[in-house]
Amino acid sequence: MHKSKTISKNGQKLGIEHAKDEDIKNALEAVYSIDEQNKEEIPLAFLLEERLIGHPDAKSRRDRLSELLYIGQVNGKGLKKRLEMFRIGQHQLMEALKVLQEEEDHE
């Protein structure tokens, strides 16, 4: 859940107790299990092609992708590891990238 959804009404406190029920439910539905075995490899070349690493727009694209996949903010080095740790396959990644591209096209 994004930090902005956990701010108190007076804006001085931060915590899950300040989030709306719907936001908490959505966050719980998006929970991933960590599994060190049976990971699907995400090639670095794929991340380069999709401008997620090694590109001037990479940071903003990674930040938005992290929000779409609920994996937390990651740097270029940690993206591959986080995707594999949460068992996010190339198919699921492609779906999120499609949404990201649509958003960029509408800007």
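The values are calculated or read from the model by the stated rules, or taken from the named source; none is laboratory data. None of these values were measured; they are calculated from a predicted model. FYI the Cβ positions are ideal-geometry reconstructions off the backbone, even for glycines, and counts take in every protein chain you see.
Residue-wise test of (1) surrounded by fewer than 17 Cβ atoms within 10 Å (Cβ to Cβ); (2) outside the structural domain of K5 (by TED's automatic domain parsing); (3) of a type outside the set (D, E).
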residue	(1), (2), (3)
E49	yes, yes, no
N75	yes, yes, yes
L93	no, yes, yes
K98	yes, yes, yes
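Within the set of pairs 6 or more residues apart or between chains, which connect a residue that is of a type outside the set (V, I, T) inside region 16-31 to a residue that is in a helix (DSSP H, G or I) with Cβ atoms less than 6 Å apart?
H18/T6; A19/K5; A19/T6; D23/K5
Looking only at region 4-34, filter to residues that are surrounded by 10 or more Cβ atoms within 10 Å (Cβ to Cβ), closer than 14 Å to G72 by Cα and hydrophobic (A, V, I, L, M, F, W, C); which one of those is modelled with the highest pLDDT?
A27
For E95, indicate whether it is assigned to a helix (DSSP H, G or I) and over 17 Å from the mean Cα position of the chain (by Cα).
The answer is no for E95.
Take region 37-47 and flag every residue that is at pLDDT below 90 and either surrounded by 18 or more Cβ atoms within 10 Å (Cβ to Cβ) or among the acidic types (D, E) (or both).
E40, E41, I42
Provide a single number: the residues in region 75-92 that are within 18 Å of A30 (Cα to Cα) and part of a loop (DSSP other than H, G, I, E, B). Please lay out each step first, then the result.
Step one: of region 75-92, the residues within 18 Å of A30 (Cα to Cα) are 79, 82-92.
Pick out the ones that are also part of a loop (DSSP other than H, G, I, E, B) and you get 86-89.
Qualifying residue count for the region: 4.
Please verify whether K59 is under 25 Å from S4 (Cα atoms), more than 10 Å from the chain's Cα centre (by Cα), surrounded by fewer than 17 Cβ atoms within 10 Å (Cβ to Cβ) and without any contact (Cβ under 8 Å) to a residue 60 or more places away in the chain, treating the condition exactly as stated.
Criteria met by K59.
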